Structures are given as C-alpha cells and as structure tokens.
Amino acid sequence: MRTRTRLTIAATTGVVATALIAAPSLAAARGDAPAPSPSAGSTAGPGTGVCDGTGAGMRARGGQGTPGAGSGLGAANGYGNGAGRGAGQGMGQGMRQGPGQGTGTGLTGVESGTLTDAQKAQLAAMAEEELLAHDLYTAFAADATTPVFEHVADAESQHLIQIRILLERYGVADPSADHTTGRFSATDVQATYDRLLAEGSASTDAAYAAARSVEQADITDLTDAKASVTAPDVQLVYSHLLTASERHLAAFGG
C-alpha cells in the first residue's frame, strides 16, 4: 500500500529521528501491552461514537453527542487544542478527562453499497494500519511523559471497531483477528512497525516524529480511499477516520 511506501520514505528522509535500540520498557510494552480487542459483533448504532483522542472526546453508548452521524455521551479522554468540551480534570488547553462530546459514527440505518475487490483489499489494509498505530503509540506511551500517546492509542482501538464492522458487512477476511501486540501478518507492515518503534524510542521528540509519519500517511490514504468509494457506510467511516487522523496529527505537533 501507499501508506507503507510513504512511511518508508518519511523514515529515510529525516522525518523520523535516527534509529536507536528500544529501551527495555518499550520492549516490554511490545510484548505485554494489551492489544485492542474490539469485535465486529459489537454492532454500531445510535449512541456509539468513535473517539479521536485529541480533546474532541471519546463517547460510549447512551445519551447524546454532537449533531450528525452517530451520537453518544460517555467517558472522554482527549488531548489536543480543546476542541471537545466536558467537565472533569484539565491541564493546559486541551487535555481533559470527564464526560465530553466527540464525533461519532453510528452505522445502524446507514445503507451499505458495493465494493470492488481492490476496495475490499484497501478496507482490509486499513485494519492493519489501525493496529500499527495502536501498538506503536502504546509502546511510546510506556516512556512518554505526556498522556497523548495513550489517549490516541485508545482512539485507534475504537477506529478498529468500525473497520471490523465494515469487514463483516462486506464479507472481507479480517487481518487483525487474533492479533498479538507488535506482530503483523504483512511483512512490510511488520518491517515498518519495527523500524518506527526503534526510531521513535530514541526520545519523546522522536516518538512524536514517528507518530506524525503514521498520521500523515493515513490522511493521504483515507483521502484517496474516500474519493474512490461510493458505499454510504464506508464513506461515513472513512470521513470520520480522516477527521480523527487530522486531529491526531495536530496533537503530535503536525
């Protein structure tokens, strides 16, 4: 996929800091950090929102949220520029913990469409991209002095739920099933993860640079994917993930 190519280019042209061997705590994070465990059986519907982890909020089932596709109100973890609102603990301008609002993707009542074989392959690849981001940010969170990596990693788990629902709807095999943290079925994804983990473990700044590479590549891929697909439910999810990636990029200093 283009994502992997761009990540490779970004890493080799200086966007990401020089690779160093991961610190012991990061190595432990790779083996011990819990992998996201959403399942496609978690049916999305009204009250189910997908978090972007940046201050706009993370919403669980129940209540009401922002107008538009999907609604919900629940526990929120955000870090960013204060785009979300909610009572709770706050630090700086954007970090907060407490009830809050966020963008959501409720798929109940949203029509399905048709996907070409290429679009199905693209959808499946999105699942591994979400996992790569989740596992990478979880590893960085082990040594980071900021909660942003943990918050965005949680958001990636929520995004994977939506991708898995689409995979089930369209009868596409889920490459993220039975996932082990830091282990990927595609060899190029594995190589990208290993490289970015080593590079990003050099320092917090290097971790931010690695994360920006991931989000920049995701933004480009999601923009391309959204432009070529007509299925309403896939369009809706891609639109949300694109917005979330843009917020993630801003939270990582991009």
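At 1.4 Å probe size, with every protein chain present, just tell me what the per residue accessible area of region 136-254 comes to in Å².
34 Å²
What's the carbon and sulfur percent of region 125-254's accessible surface, probe 1.4 angstrom, rounded to a whole number?
So the carbon and sulfur contribution to the accessible surface is 48 percent.
Using alpha-carbon pairs under 8 Å, 6+ residues apart, how would you state the relative contact order of region 181-254 in percent?
This gives 29 percent for region 181-254.
Two decimals is fine: what is log10 I(q)/I(0) at q = 0.13, 0.15 Å⁻¹ for region 120-184, from a Debye sum with one equal scatterer on every Cα and no solvent?
Debye curve over Cα of region 120-184, log10 I(q)/I(0) at q = 0.13, 0.15 Å⁻¹: -0.36, -0.46.
The values are calculated or read from the model by the stated rules, or taken from the named source; none is laboratory data. Remember, predicted model here, so these are calculated numbers, not experimental data. Side chains are part of the model used for accessible areas, which takes the heavy atoms of the whole protein and leaves out ligands, DNA and RNA. Shrake-Rupley method; radii C 1.70, N 1.55, O 1.52, S 1.80 Å.
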